[in-house]
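S.K.: Following this message is one structure expressed as C-alpha cells.
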Amino acid sequence: MPTILFVFGLRFYFYSDEHLPIHIHVKNGDGKAKINAVTLEIMENNGIKPADLKKAIDIVKQYQNDIIRVWKEYFDEY
C-alpha cells in the first residue's frame, strides 16, 4: 500500500488493488477515512475527528494534481 503523503500525523495512501473512482485513504491515531481525489467528497469516515478530516480534505485539495498523477502512473492509466 503506497504512502503518498504523511502530513500533520495524517497518512495518505492507496492500496495496490484499488478501483475507481480515484480516491485516497487517510489514517491517523483516531481512525481512517476515504476521500474522492477528484470531487473531494468524503466517501467513508471511521473515527477521524471533524477537525482532522477538514485538515485532510484541505491537504488533498492542495496536493490533488499530484495524487491523481501518482494514481494514474501506479495503475498505468495514462
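What follows is calculated from the coordinates using simple rules that are stated; it is not laboratory data. Source: prediction; values computed, not measured. Cβ: placed from backbone, ideal geometry, glycine included. Neighbour counts: every protein chain shown.
S.K.: Would you please name the residue that is nearest to Leu5 (Cα to Cα), looking only at residues in region 29-43 that are in contact with a Lys or Arg (Cβ under 7 Å, 6 or more places away or on another chain) and of a type outside the set (D, E, K, R)?
M.R.: Leu40
S.K.: Run down Leu5, Leu40 and say which single residue is touching a residue at least 24 places away in the same chain (Cβ under 8 Å), surrounded by 11 or more Cβ atoms within 10 Å (Cβ to Cβ), part of a loop (DSSP other than H, G, I, E, B) and not charged (D, E, K, R).
M.R.: Just a single option satisfies the conditions, and that option is Leu40.
S.K.: Can you tell me how many residues in region 62-78 are surrounded by 13 or more Cβ atoms within 10 Å (Cβ to Cβ), in a helix (DSSP H, G or I) and free of Cβ contacts under 8 Å to residues at least 60 places away in the same chain?
M.R.: Here the count works out to 3.
So that you can scan it fast, the table gives a plain yes or no per residue for (1) among the small types (Gly, Ala, Ser); (2) surrounded by 16 or more Cβ atoms within 10 Å (Cβ to Cβ); (3) out of contact with any helix residue (DSSP H, G or I) (no Cβ under 6 Å at 6 or more places or on another chain); (4) part of a loop (DSSP other than H, G, I, E, B):
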{"site": "Phe12", "(1), (2), (3), (4)": "no, yes, yes, no"}
{"site": "Ile24", "(1), (2), (3), (4)": "no, yes, no, no"}
{"site": "Ile35", "(1), (2), (3), (4)": "no, yes, no, no"}
{"site": "Glu44", "(1), (2), (3), (4)": "no, no, yes, no"}
{"site": "Asp52", "(1), (2), (3), (4)": "no, yes, yes, no"}
